[in-house]
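A.B. asks: The structure's right below; bear with me while I get my questions together.
The values are calculated or read from the model by the stated rules, or taken from the named source; none is laboratory data. The structure presented is a predicted model; accordingly, all values stated were derived computationally and were not measured. Cβ placement follows ideal geometry from the backbone for every residue including glycine, while neighbour counts extend to all protein chains displayed. Please note that ligands, DNA and RNA were not included when accessible areas were found on the heavy atoms of the full protein model with its side chains. Shrake-Rupley method; radii C 1.70, N 1.55, O 1.52, S 1.80 Å.
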Amino acid sequence: KILVIGANGQIGTELVTALRKIHGAENVIASDINSPNYALRNSGPFEFANVLDKDNLHHLFDKHRPTQVYLLAAILSAVGEQKPKMAWDLNMTGLLYVLDFAVEFKTSKIFWPSSIAVFGPHSPQHNTPQYCVMDPNTVYGFSKLAGERWCEYYFEKYGVDVRSIRYPGLIGWRANPGGGTTDYAVHIFHEALKHGKYRGFLSAQTALPMMYMDDAIRATINLMDAPAENLSIRSSYNLAGISFTPEQLAEEIKKHIPSFEMTYADNDPRQAIADSWPKSIDDTQAQQDWGWQLDYDLAKITEDMLTNLKKII
Ligand code: VAH
């Protein structure tokens, strides 16, 4: 049995769908604090989960004895700056409960998402390496950095096979993002199709590492399927994705919708968050340890997003 906590989220919705295709719906239990979203409703077993409720999580481990647990529940960067203490509490407490229950119930594998948000203003901004100075200045970022330290600690000290990826900004059409700084790269497609224009909250030249959700899900499953002895990183793997600016994304959309108009708001608080993050990432270690290869470049992302969103908007 596989348990996915935070199944309604941007990653969770797609991961549950992908895992159910591989393992059979009945073997993948989706759980979230809210009832299943439109994509997950009536598509397999569901449990309510509150990562701040120790007894509730313990009950899920005891009842289902999952061989794998994916803990995806989190408060992301932008919302985290509006609710700093709640973001720290939710992002850390849930992880520590899950790591302890993995020891108690001998769960085979744990997955926990980290982010390029673990890097900060003094980290190298281009081809940011796996190891470097990390001074994240968002609560979300340093909660993910602390979480990476806990993951490595539970691996070294208790042998918990916990695996993690530092995701770039994720772009997908099956589920919307919530409360992130990179979410402009999803909203832009919806707005382009609905209104033919979009006012971005990051400046035109703000380059950020991004990744199509199909690549992110494939990377997650590749990592989880890799032989443990191949993995040299037990904090979290860098994943580069593809770096581009809002202007480059707008130009790519115009190849499909020539009349699309892009404008840029200024002094949005998310600009400072974006400016503290890397412009591009070095993911050599992921390539070497578990054969990672990106598939979707900016042209393919744009084509696939527009093609699929057209059908549901
Ligand atoms: C956020 N989408 O914007 C997340 C992600 C790298 C960005 O961590 O907070």
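A.B. asks: How much area per residue is accessible in the range 118-272 when the probe is 1.4 Å and only protein heavy atoms are counted (Å²)?
C.D. replies: Ligands and nucleic acids excluded, the figure is 40 Å² per residue.
A.B. asks: Along the positive direction of the dipole of the chain (beta-carbon charges: Lys, Arg +1; Asp, Glu -1; about the Cα centre), which of ALA146, ILE33, THR181 reaches farthest?
C.D. replies: ILE33
A.B. asks: Need the list of aspartates and glutamates near LYS1 for cross-linking: C-alpha distance under 14 angstrom, and skip anything on the same chain fewer than eight residues off.
C.D. replies: The qualifying aspartates and glutamates are GLU26, GLU47, ASP62.
A.B. asks: Between 0 and 90 degrees, rounded to the nearest ten: what's the tilt of helix 298-312 against the longest Cα principal axis of the chain?
C.D. replies: Helix 298-312 sits roughly 80 degrees off the main axis of the chain.
A.B. asks: Using alpha-carbon pairs under 8 Å, 6+ residues apart, how would you state the relative contact order of the chain in percent?
C.D. replies: Averaging sequence separation for qualifying contacts and normalising by length gives 18 percent for the chain.
A.B. asks: Continuing with this model, one more query. At a 1.4 Å probe radius, carbon and sulfur cover how many percent of the accessible area of the chain?
C.D. replies: 51
A.B. asks: Run the numbers for LYS106 and ILE22: contour at 0.36 nm per residue of separation, minus the present Cα-Cα distance, in nm.
C.D. replies: Length difference between fully extended and current span is 28.0 nm.
A.B. asks: Springs between alpha-carbon atoms under 10 Å, Gaussian network over the chain: tell me which of ALA240, ALA299, ALA204 tops the mean-square fluctuations.
C.D. replies: Taking springs between Cα atoms under 10 Å, the residue moving most is ALA299.
A.B. asks: I'd like the antiparallel share, as a percent to the nearest 5, of DSSP beta bridges with both residues in the chain.
C.D. replies: 10
A.B. asks: Pop the C-beta distance of ILE313 and GLU156 into the FRET formula with R0 = 45 Å and round what comes out to the nearest 0.05.
C.D. replies: 0.40
A.B. asks: Moving on. Any aspartates and glutamates with Cα under 13 Å of the LYS310 Cα? List them, leaving off those in the same chain fewer than 8 positions away.
C.D. replies: GLU191
A.B. asks: Need the list of aspartates and glutamates near LYS157 for cross-linking: C-alpha distance under 18 angstrom, and skip anything on the same chain fewer than eight residues off.
C.D. replies: Once the sequence-local aspartates and glutamates are set aside, what remains near LYS157 is ASP100, GLU104, GLU148, GLU229.
A.B. asks: Would you mind classifying the range 71-205 by shape? Square roots of the alpha carbon gyration tensor eigenvalues, ordered a ≥ b ≥ c; an a/c under 1.5 is rounded, otherwise it is prolate if a/b is larger than b/c and oblate if not.
C.D. replies: It comes out prolate by the Cα gyration axes.
A.B. asks: Right, another one. Please state the equivalent ellipsoid semi-axes for the range 103-180: what are the square roots of 5 times the Cα gyration tensor eigenvalues, largest first, in whole Å?
C.D. replies: Value: 24, 18, 11 Å, ordered largest first.
A.B. asks: Mind scanning LYS197/LYS300; LYS85/LYS106; LYS254/LYS279 and naming the pairs with a C-alpha gap bigger than 26 Å?
C.D. replies: Checking Cα-Cα distances, LYS85/LYS106 exceed 26 Å.
A.B. asks: Translational D (Stokes-Einstein, µm²/s) of the chain at 4 °C and 1.567 mPa s when Rh comes from the Kirkwood sum over C-alpha pairs?
C.D. replies: Stokes-Einstein gives a translational diffusion coefficient of 66 µm²/s.
A.B. asks: Which of THR284, PHE119, LEU57 sits farthest toward the positive end of the charge dipole of the chain, with +1 on the Cβ of Lys and Arg and -1 on the Cβ of Asp and Glu?
C.D. replies: LEU57
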